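Q: This is the structure, below, for whatever I ask next.
What follows draws every value from the coordinates through simple rules; no lab data is involved. Since this is a predicted model, take the numbers as computed values, not measurements. Cβ coordinates were reconstructed from backbone atoms using ideal geometry, including for glycine residues, and neighbour counts include every protein chain displayed.
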Amino acid sequence: MRSDDALSSRSAPVNDPALERYVDPISQRYASRSMQELFSPLARARVWRDLWIALAEAEHELGLPVTAEQIEELRANRDQIDLSRVAVFEKELRHDVMAHIHAYGEVAPSARGIIHLGATSCYVTDNADLIVMRRGLEMISDRLLRTIHAFSKFARTHASVPTLGLTHLQPAQLTTVGKRAALWLQDLVDVWQELVDIRTRLPFRGVKGTTGTQASFLHLFNDDETKVAALEALVAQKVGFDRVFPLTGQTYPRVWDQRVVGRLGELGTVVHKIATDLRLLQSFGEVEEPYEKSQVGSSAMPYKRNPMRSERLCSLARHLMAIVPGLATLAATQWMERTLDDSAHRRVAIPQAFLTADAILITLENVASGLHVVPRVVERRIAEQLPFMAAEEILMGGVSDGGDRQELHERIRQLSWRAKQQLVEEGGANPLRGFLEEDEVLGPIVKRLPPWDPARFVGLAPQQTLKYLDTVVAALPLSGEEPPAELEV
């Protein structure tokens, strides 16, 4: 048998037909099932039906010709959703909302005539988007809380562990591992508060009609303005909102999309900074992100332990940040009461923002929960640089003895540069203390100073860290709890 015949006779691999089409990698590889379900077509259809039920109930309660039997049929068939049937209707009607109305009417025939009574398409599309975004914000806030508490444990454990502080990515003064983590925490807590705030303030579009004038509902209620107002308040209450936009065109103001996703974009900014720090620290060898036993760092270099999670965080965060300017442009270019050029953009951008934020926090919580400090590397890097940093107390000691600050500074500078040159050319331990002790002016000052214990040079870093953890982070709710009203940061 020829080799090509042998190959052709083998069983072809069985692939899922769905894999022959593009699959969004955020959903496929990174985001949680719960967030994917929230933005799924089926979940969206359920929310639309909830809105139609709420509208029918409110209209019935306010005296419009909507019967209790019709409402019961809508409720009973709320979950009888056949998206393939909806697709058939949409292909014919070229209108997604009308396609869903027709499909709902088929399974609830007695209520067919009152579904969507007085409403425009944005009654379901916009209100549903607000409902879904509010739920998404709750899920993101909850996951962020878990990440905050994971970082909090790390910061507390290492609150007093000295480490080399860097400015301009150059050795500066010492800080502590926990203080650096507390700086990350502070940014995350600020983002969490912004997310809670925007979720609390997010209004309902309401029952506004075609151009926001409520003309159709005014007609249904025979020009009774009080009943139109009551209808809107009742529908909002039924779907869980206590705030309603006072004014809208056909859509709610699209600047709110920028606002909501902008908060998620801030999360991306903060996480990118944290992940970048972690990547740098891992390159120094001071810190390592979690690493699985069988994980492969490189296909060519078996010894490598790449910071793949932190790199993924930077990549996803960059994607998230890039979504925000597009929604700003969208909001800025809406014409009059609305144009439809927002539709396709929003269908892509808003779910992507939430799925990406969700994916980021899944990874960040994993990193925070398994972050590992390498003490020997941290100590070695401190030992190499500490004599340079400790020179400041020699300068202060000399001035206290009546010395000239500028002359003392120049002596220390020359000896420091000599020590650095020796480190570069010969390696070994930092020789600066020996050079200082041999100096006729500086030697007496150095000899009366205590040993250069790194803990003496971290300032208030341990106290600052523990105070922040005890007064701010400890006041945060555990995941799933509502934030206390009195919390201030």
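Q: What is the set of long-range amide H partners of Leu202 at a cut-off below 5 Å, with H atoms built 1.01 Å from backbone N?
A: Answer set, sorted by chain and number: none.
Q: In deg cm²/dmol and to the nearest 500, what is the mean residue ellipticity at 222 nm of the chain if only DSSP H runs of at least 4 residues count, each as -39500 (n - 2.57), divided by the residue total?
A: -20500 deg cm²/dmol
Q: Classify region 253-398 as rounded, prolate or oblate from the Cα gyration tensor: take a ≥ b ≥ c as the square roots of its eigenvalues, call it rounded if a/c is under 1.5, otherwise prolate when a/b beats b/c and oblate if not.
A: Verdict is oblate for region 253-398.
Q: Could you give the size of the charge dipole of the chain about its Cα centre, using +1 on the Cβ of each K and R and -1 on the Cβ of each D and E, expressed in debye and rounded to the nearest 20?
A: So the dipole magnitude of the chain works out to roughly 1000 debye.
Q: What does DSSP give for the chain in terms of the percent of beta bridges that are antiparallel, rounded to the nearest 5?
A: 90
Q: Related question: What percent do you get for the relative contact order of the chain when only Cα pairs under 8 Å and 6+ apart count?
A: Reported relative contact order: 18 percent.
Q: Report the calculated FRET efficiency for Glu438 and Leu460 (r = Cβ-Cβ distance, R0 = 51 Å), to the nearest 0.05.
A: FRET efficiency, Glu438 to Leu460: 0.95.
Q: Please state the charge dipole magnitude for region 121-373, taken about the Cα centre, from unit charges on C-beta atoms (+1 on K and R, -1 on D and E), reported in debye and rounded to the nearest 20.
A: Dipole magnitude for region 121-373 comes out near 640 debye.
Q: Here is a further query. So how far apart, in nm, are the two label points at Val88 and Trp417 if each is 7 Å from Cα heading toward Cβ?
A: 8.6
Q: Something else now. Hey, can you grab everything whose amide H is under 5 Å from the amide H of Val287? Only 5+ residues off in sequence or another chain; H modelled, so Pro and N-termini drop out.
A: Gln282, Val374
Q: Leaving out same-chain residues fewer than 8 places away, which lysines sit with a Cα under 24 Å from that of Lys227?
A: In chain and number order, the partners are Lys208, Lys238.
Q: Separate question: Taking +1 at the Cβ of each Lys and Arg and -1 at the Cβ of each Asp and Glu, which of Leu74, Pro375, Pro253 sits farthest along the dipole of the chain towards its positive end, judged by Cα position relative to the Cα centre?
A: In the chain, that residue is Pro375.
Q: For region 36-114, give the magnitude of the charge dipole about the Cα centre (Cβ charges: +1 Lys/Arg, -1 Asp/Glu; no others), in debye to the nearest 20.
A: With Lys and Arg at +1 and Asp and Glu at -1, about 280 debye.
Q: For q values of 0.16, 0.17, 0.21 Å⁻¹, compute log₁₀ I(q)/I(0) with the Debye formula on a Cα-only model of region 40-179, without solvent.
A: Results for region 40-179 at q = 0.16, 0.17, 0.21 Å⁻¹ read -0.87, -0.95, -1.20.
Q: Can I ask one more? Of Phe241, Val270, Thr226, which is farthest on the positive side of the dipole of region 218-377, counting Cα position, with +1 on Lys and Arg Cβ, -1 on Asp and Glu Cβ, and the Cα centre as origin?
A: Val270
Q: Moving on to the next point. Pairs Lys179/Lys420; Lys153/Lys273; Lys153/Lys179: which are spaced more than 18 Å apart, C-alpha to C-alpha?
A: Lys179/Lys420; Lys153/Lys273
Q: Run down the aspartates and glutamates and flag those whose C-alpha is under 19 Å from the C-alpha of Lys467, throwing out any fewer than 8 positions away in its chain.
A: Here the aspartates and glutamates satisfying the reach criterion relative to Lys467 are Asp187, Asp190, Glu486, Glu488.
Q: Quick one: compute the contact order of region 121-373, relative version, from alpha carbon pairs under 8 angstrom and 6+ residues apart, as a percent.
A: Taking the mean separation of contacting Cα pairs over the length of region 121-373, I get 23 percent.
Q: Taking the Cα atoms of region 121-373 alone, what are Rg (to one decimal) and Dmax (as a whole number) in Å?
A: So, for region 121-373, Rg and Dmax equal 23.0, 78 Å respectively.
Q: Another question, then. Is region 151-232 best put as rounded, prolate or oblate by its Cα gyration tensor, with a ≥ b ≥ c the root eigenvalues, rounded for a/c under 1.5, and otherwise prolate when a/b is larger than b/c, oblate when not?
A: The shape class here is prolate.
Q: Which residues' amide hydrogens lie under 5 Å from the amide hydrogen of Ala159, considering only partners 5 or more residues apart or on another chain, with H built in the peptide plane?
A: Gly178
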